[in-house]
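The values are calculated or read from the model by the stated rules, or taken from the named source; none is laboratory data. As the structure is a computational prediction, the values presented were derived from the model and not from experiment. In this analysis, Cβ positions are derived from the backbone assuming ideal geometry, glycine residues included, and neighbour counts consider all displayed protein chains.
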Amino acid sequence: MNSLLDFEGQIRLSVFIIIFTIMALWEIKAPFRKLRLSRTSRWPHQLGLIILNTVAVRLLFPVAAVGTAQYMQQQGWGLMNLLGFNPAIALISGFILLDFAIYWQHVIAHRLDWFWKLHRTHHADTDYDLTTGLRFHPLEIILSMLIKILVIVLLGIPATAVILFEIVLSGSAMFNHSNIKLPESIEPTLRKVIVTPSMHRIHHSTQQFEHDTNYGFFLSIWDRLFGSYTDKAMENEQTMPIGLNIFRAKENQRLGRILKMPFTNH
């Protein structure tokens, strides 16, 4: 696992580029929904936000989650380190617990008014494609990093688990937000384990009773366990409206407007 730690940045970037390219080509070749706005008018703003978030995290958290995990291991702090977890068990447990934490963070983001004002930047996208999965307000990204670090500190999650989780989380966010349709022969089985585009698309419905379900980002088990699972959208998935009704105007998909969304209602 040392090579994973030594080349964390290169590995994460390489996997990101590979998955982004695969999903983008798949969407172009076989799009499931017709886009409301063209990629050329929308993607520069989405990608600009991604770059802004990356810079903000690197500046504010130079050691970030992985550095925190390494420090906790060196000091022997955190629950898993104090209990002397077997490395393999700590890796698997740490990964699952991080996904569990992200699920509950997502639930809370919908239930607390101040948190929702940050998170609705993600939901305000009136289209649904792989860039939607990376569209978050910088303030939410910063808050998410603080929550992740707190979980790592308390549980003593190993650095390898953190790296694997962040790679998988980034890739799964692009996958389950992608504008594709999986074959009926595999989708129902696959969603029993991980979140699929069809499952998560329901979460982006304009209907509140639908977007307050299917919170999972990678493992789908949490929604089933905690009663937040919706199997099928009320409307046709190819034509149902996506986003938030208060941000339907096309101008709201511009970067400047996206950054103002936590502080306005139109």
| said: Restricting to region 174-206, count the residues that are among the hydroxyl-bearing types (Ser, Thr, Tyr) and buried (at least 20 other Cβ atoms within 10 Å of the Cβ). | reply: 4
| message | Condition first: farther than 19 Å from Leu112 by Cβ, part of a loop (DSSP other than H, G, I, E, B) and not polar (S, T, N, Q). Now tell me which residues in region 191-215 satisfy that. | response | Arg191, Lys192, Val193, Val195
| message | Going residue by residue through region 153-161, is there one that turns out to be in contact with a strand residue (DSSP E or B) (Cβ under 6 Å, 6 or more places away or on another chain), at negative phi and of a type outside the set (Asp, Glu)? | response | no
| task | Starting from region 243-266, take each residue that is modelled with pLDDT of 95 or more and list its partners that are part of a helix (DSSP H, G or I) and among the hydroxyl-bearing types (Ser, Thr, Tyr), counting only C-beta distances under 7 angstrom and pairs at least six apart or across chains. | result | Ile258/Thr121; Met261/Thr121; Pro262/Thr121
| query | Does Glu184 satisfy the condition of being of a type outside the set (S, T, N, Q) and free of Cβ contacts under 8 Å to residues at least 12 places away in the same chain? | reply | yes
| task | Could you please give the count of residues in region 236-254 that are farther than 21 Å from Asp113 by Cα and loosely packed, with under 14 Cβ neighbours inside 10 Å? | result | 6
| query | Within region 161-182, which residues are outside any helix (DSSP H, G or I) and modelled with pLDDT under 95? | reply | Lys181
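This table checks each residue for (1) surrounded by 13 or more Cβ atoms within 10 Å (Cβ to Cβ); (2) under 21 Å from the mean Cα position of the chain (by Cα); (3) not in a loop (DSSP other than H, G, I, E, B).
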site	(1), (2), (3)
Gly48	yes, yes, yes
Ala69	yes, yes, yes
Trp77	yes, no, no
Ala88	no, no, yes
Phe100	yes, yes, yes
Gln105	yes, yes, yes
Trp114	no, yes, yes
Leu118	yes, yes, yes
| message | Let me spell it out: the conditions are (1) of a type in the set (A, V, I, L, M, F, W, C); (2) closer than 20 Å to Leu190 by Cα; (3) in a helix (DSSP H, G or I), and Ile246 meets all of them except one. Which number is the exception? | response | (2)
| message | Which of the numbered conditions does Ile51 fail, given that it passes all the others? Conditions: (1) touching a helix residue (DSSP H, G or I) at 6+ places or on another chain (Cβ under 6 Å); (2) of a type outside the set (Ser, Thr, Tyr); (3) under 30 Å from Glu251 (Cα atoms). | response | (1)
| field | Checklist (1) within 28 Å of Val151 (Cβ to Cβ); (2) assigned to a loop (DSSP other than H, G, I, E, B) applied to Leu59, failing item | value | (2)
| said: I'm told Ile102 meets every condition in (1) in contact (Cβ under 8 Å) with a residue 40 or more places away in the chain; (2) among the hydrophobic types (A, V, I, L, M, F, W, C); (3) farther than 24 Å from Asp129 by Cα except one. Can you identify the failing condition by its number? | reply: (3)
| said: Quick check on Leu155: is it farther than 30 Å from Leu83 by Cβ and aliphatic (A, V, I, L, M)? | reply: no
| said: Looking at region 164-176, I want the residues that are touching a residue at least 24 places away in the same chain (Cβ under 8 Å) and have a partner that is of a type in the set (S, T, N, Q) and crowded, with 19+ Cβ neighbours inside 10 Å with Cβ atoms under 7 Å, at least 6 apart or on another chain. Which pairs are those? | reply: Asn176/Thr196
